[in-house]
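Inspection log for the structure reproduced underneath, given as structure tokens.
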Amino acid sequence: MTAPPAGDAGVAARQSVDGMPGDAAPRIRGRLAPQSMFPAGVPGYRVRFIELRGSERVRVVEIGDRDALPAVFLPGWGCPVWDFHRTMPAVADAGFRAVAIDLRGHGLSDMPTDPARYGTDAMVSQVIDLLDAVGVQRVALVGHSMGGALATNLALRLPDRVRALALFAPIGFGNARIAALGRLLSPSWTIPFARLVLQPALIALGLRALYGNNERVDRRNVDEYWAQSQFDGFVPAMRALLHEFRWTRFTDEEIAGLSLPGLLVRGSRDPIVLRPWSPTSLPPRWRELVLEGVGHLPHDESPEVVNSALIAMLNDLR
């Protein structure tokens, strides 16, 4: 099974009763309409919007047996659930329930205007609320980039809720100095300019910088990442995450406190997470997988290798 080539005053992008954003037509010509964003048209997926406290609505995308062991996918900064379009079907085909979340400020989820909602604790709390809402008590978390840091912070806060971690190019397991540069270059007055320059050419340029293999930068990829920027709350949300979320490296004590099984996947050409942890620095029940020539999206560049390692970890949890 493969993919083809809101209530409170602090919410900028609300969903209507049919599950689509209130501003259902693309704000700028050329962007994918909400109803065309992944996983639209792909058999087997289930999409729903869940309302959390404060009337915040979050889009959840699932595939696989509803009663199977769940794996919850947390995308990276600036990434909708499309981030895992090559991973989720393989996990579902292996007999697991794959659940992906459009995190706050991303995809078709609500985009609150209060920057404090994008702090690490607030983002972790949202994921915990989502786990409760979808009926998942103990879960394997799969996180990419910022989503990897989010998953790790959740496991540190509530170790009894997390059975295993699979982290793809995760923030916190190396130096991500680009975040400091992003904060320097994004004072609040730059928001209108960022909206103007956020065009397909810029998205494609950014993806080429992230991938070790530029063949992955096709029109579909660009369209999926660009689509969410049609909502006015997207750029402020990305700025708030740069300024409010924790982008620093986890301490040795924090890493040592992760007694659960883990999989750490990184590319040798990752331009974001620099000077990563060595294998001897990881907890004893962890495996590190280094992919040569791969960049910051290893699960998209080498899906067969990454999916095999992820499914092997999940099989050990049965």
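Can you confirm whether region 93-114 contains a residue that is over 15 Å from the mean Cα position of the chain (by Cα), among the basic types (Lys, Arg) and within 23 Å of Arg318 (Cα to Cα)? Within region 93-114 (the criterion being over 15 Å from the mean Cα position of the chain (by Cα), among the basic types (Lys, Arg) and within 23 Å of Arg318 (Cα to Cα)), the answer is yes, since at least one residue qualifies. A Cβ distance below 8 Å, combined with a sequence gap of six or more or placement on separate chains, defines the contacts here; from region 216-235, residues that are surrounded by 19 or more Cβ atoms within 10 Å (Cβ to Cβ) and among the acidic types (Asp, Glu) reach residues that are assigned to a helix (DSSP H, G or I) and at pLDDT 95 or above in the pairs Glu224/Trp82.
One residue stands out among those in region 40-77 that are in a loop (DSSP other than H, G, I, E, B) and of a type in the set (Asp, Glu): the one that is surrounded by the most Cβ atoms within 10 Å (Cβ to Cβ), which is Glu56. Say whether the condition of being farther than 21 Å from Ala194 by Cα, polar (S, T, N, Q) and in a helix (DSSP H, G or I) is met by at least one residue in region 216-228. Within region 216-228 (the criterion being farther than 21 Å from Ala194 by Cα, polar (S, T, N, Q) and in a helix (DSSP H, G or I)), the answer is no, since none of the residues qualifies. Among residues that are modelled with pLDDT of 95 or more, hydrophobic (A, V, I, L, M, F, W, C) and over 25 Å from Ser188 (Cα atoms), Ala122 is not included.
Residues that are aromatic (Phe, Trp, Tyr) and closer than 27 Å to Ala68 by Cβ within region 275-318 comprise just one, Trp286. Which of the residues spanning region 291-318 are aliphatic (A, V, I, L, M) and either over 25 Å from Ile178 (Cβ atoms) or in contact with a Leu (Cβ under 9 Å, 6 or more places away or on another chain) (or both)? If the condition is that a residue be aliphatic (A, V, I, L, M) and either over 25 Å from Ile178 (Cβ atoms) or in contact with a Leu (Cβ under 9 Å, 6 or more places away or on another chain) (or both), then Leu297, Val305, Val306, Ala309, Leu310, Ile311, Ala312, Met313, Leu314, Leu317 are the ones that fit.
Any residue in region 82-95 that is assigned to a loop (DSSP other than H, G, I, E, B), touching a Ser or Thr at 6+ places or on another chain (Cβ under 9 Å) and crowded, with 21+ Cβ neighbours inside 10 Å? Within region 82-95 (the criterion being assigned to a loop (DSSP other than H, G, I, E, B), touching a Ser or Thr at 6+ places or on another chain (Cβ under 9 Å) and crowded, with 21+ Cβ neighbours inside 10 Å), the answer is yes, since at least one residue qualifies.
When restricted to residues that are surrounded by fewer than 21 Cβ atoms within 10 Å (Cβ to Cβ), in contact with a His (Cβ under 8 Å, 6 or more places away or on another chain) and within 29 Å of Arg97 (Cα to Cα), region 262-318 contains 1. At least 1 residues being under 30 Å from Arg220 (Cβ atoms) and modelled with pLDDT of 95 or more is the threshold, and among the helices (runs of 4 or more DSSP H) wholly inside region 252-318 those reaching it are 298-301, 303-315.
The values are calculated or read from the model by the stated rules, or taken from the named source; none is laboratory data. All of these numbers come straight from a predicted model, not from anything done at the bench. All Cβ positions, even for glycine, are placed from backbone atoms using ideal geometry, and neighbour counts span all protein chains on display.
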